[in-house]
Amino acid sequence: MVSDVPIATLLSGGLDSSLITGVVAINQKTPLTTFSIDYEDNDKYFKKTSFTVSMDEHYIDVMSKAFNTKHEYKTITQDDVVNYLKDALYAKDYPGMTDIDSSLLWFSKEIAKEFKVILSGECADEIFGGYPWFYRKELNDREMFPWINNLDYRQSLLNENLKDKINLKSIVEEEYQKTINELEPEDRDKKDKRLFYINMTHFMQALLERKDRMTMYSTLEARVPFADTKLVEYLWNLPFKYKYNNNTEKYLLREAFKGVIPDEVLYRKKNPYPKTHHPKFLELVSKALRERLENKESKMYKIFNIDEINKLLDSKEDDILPWYRSAYDKTTAYCISL
């Protein structure tokens, strides 16, 4: 909270951002400004899944009223989500998380018009055990990065000339084993240690880099209190039974903040960073990709199996298993093609 300029917090109504918002609001004399992002008409097209379980607005309102924050809702249009894809690629320096990168870049630019320092809730899931692969057996038992799905399909998208040179499965397996070998020998056979280490060195790093690049590209400084070194070290040495207990993810974190934030928010099921559910977004990126394919000199023809890309374009959204959670896999091909 030490700053020469006013600070604000991101507030999604989820546990992590709400805890940070509550602590800052309690320790700040002036009313705190909070920000959230949503997508145009998302309420009309929202689809509940096992991972995206609820919309944010109700929980944001509960928190804002409880701590008397000045809350600002930012709503991005589907056109802007697509229009910012290219800038997000420049900010990242390589293909990233497509729509959630471009929306964060837009969001950061909006916040930067009013504030230059924000606090954000990244890293709590990695160190407190918030992701489903920490406790769901079918993910927990994977002997690789548990968030990676469907590598064989991704391999099929490569051009025939590249398939012999690039084996995605081998690359991922090699990286996983190299990471596990970085652990102390006595920790390599402990499932919880392996999971926490690969999350901190890969998943958490990806999210932190995304946040840093999108915000700094927008002249905004984002601080991440849960990434505090002492906190990370302490939780690394804590048995997993304290982090997941009574069928509750991030059990310890919730117990620690009983009575600080409203119970309705404290025990809300984890929700990811918001994504667009509007079919217009899929239409826009599909159109952009088709236009790119019209150029036979495009580098896409040297990288991808164009027949498979066309099958992807002609498929229904639910035909393709997601890499992690986004159902909009077509955007990945589009982002790479940029």
Which value in nm describes the separation of the simple spin-label points at LYS241 and TYR267, placed 7 Å from the Cα toward the beta carbon? 2.3 nm
Which order do the peptides 11-22, 209-220 come out in when sorted by mean C-beta neighbours inside 10 angstrom, highest first? 11-22, 209-220
How would you order 146-156, 160-170 from highest to lowest mean count of nearby Cβ atoms within 10 Å? 146-156, 160-170
Apply the Karplus parameterisation 6.51 cos²θ - 1.76 cosθ + 1.60, with θ equal to phi minus 60°, to every residue of the range 234-249 and state each ³J(HN,Hα) to the nearest whole Hz, in sequence, with x for glycine and proline. 4, 6, 4, 8, 9, x, 4, 4, 7, 8, 10, 8, 6, 6, 10, 6
Looking at the range 235-264, which trypsin sites (Lys or Arg not before Pro) are DSSP coil and have at most 14 other C-beta atoms within 10 Å of their C-beta? LYS258
Once you order the gyration tensor axes a ≥ b ≥ c over the Cα atoms, which shape class does the chain get: rounded for a/c under 1.5, otherwise prolate or oblate by comparing a/b with b/c? oblate
Label points 7 Å out from Cα along the Cβ direction at LYS230 and MET1: separation in nm? 1.6 nm
With θ set to phi - 60°, apply the Karplus curve 6.51 cos²θ - 1.76 cosθ + 1.60 along the range 109-122 and write out the HN-Hα couplings as whole Hz, x wherever there is a Gly or Pro. 5, 5, 5, 4, 5, 10, 10, 10, 9, 10, 10, 9, x, 4
Using 1/(1 + (r/R0)^6) with R0 = 56 angstrom and r between the beta carbons of SER315 and ASN27, what's the FRET efficiency to the nearest 0.05? 0.65
For HIS71, list long-range residues whose amide hydrogen, built 1.01 Å from N in the peptide plane, is under 5 Å from its own amide hydrogen. THR34
Give me the extension gain from ALA206 to GLU294: residue separation times 0.36 nm, minus the current Cα-Cα distance, reported in nm with one decimal. 28.4 nm
Would you list LEU238, LEU119 from fewest to most Cβ contacts within 10 Å? LEU238, LEU119
Return the subset of LYS47/LYS316; LYS113/LYS275; LYS163/LYS191; LYS113/LYS211; LYS163/LYS296 for which the Cα-Cα distance in this structure is over 25 Å, preserving the input order. LYS163/LYS191
Under a crude label model (7 Å from the Cα following the beta-carbon direction), how far is LYS169 from LYS74 in nanometres? 4.2 nm
FRET efficiency estimate (nearest 0.05) - Cβ-Cβ, ASP307 to LYS287, R0 25 angstrom: 0.80
Whole-Hz Karplus couplings 3J(HN,Hα) for the range 204-214, θ = phi - 60° and coefficients 6.51, -1.76, 1.60, Gly and Pro as x, run 5, 5, 5, 5, 5, 5, 4, 4, 5, 5, 5
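None of the figures in this text is laboratory data; all of them are computed from the coordinates on show. Worth saying up front: this structure is predicted, and the values here are computed from it rather than measured. Here Cβ is always computed from backbone atoms with ideal geometry, including for glycine, and neighbour counts include all displayed protein chains.
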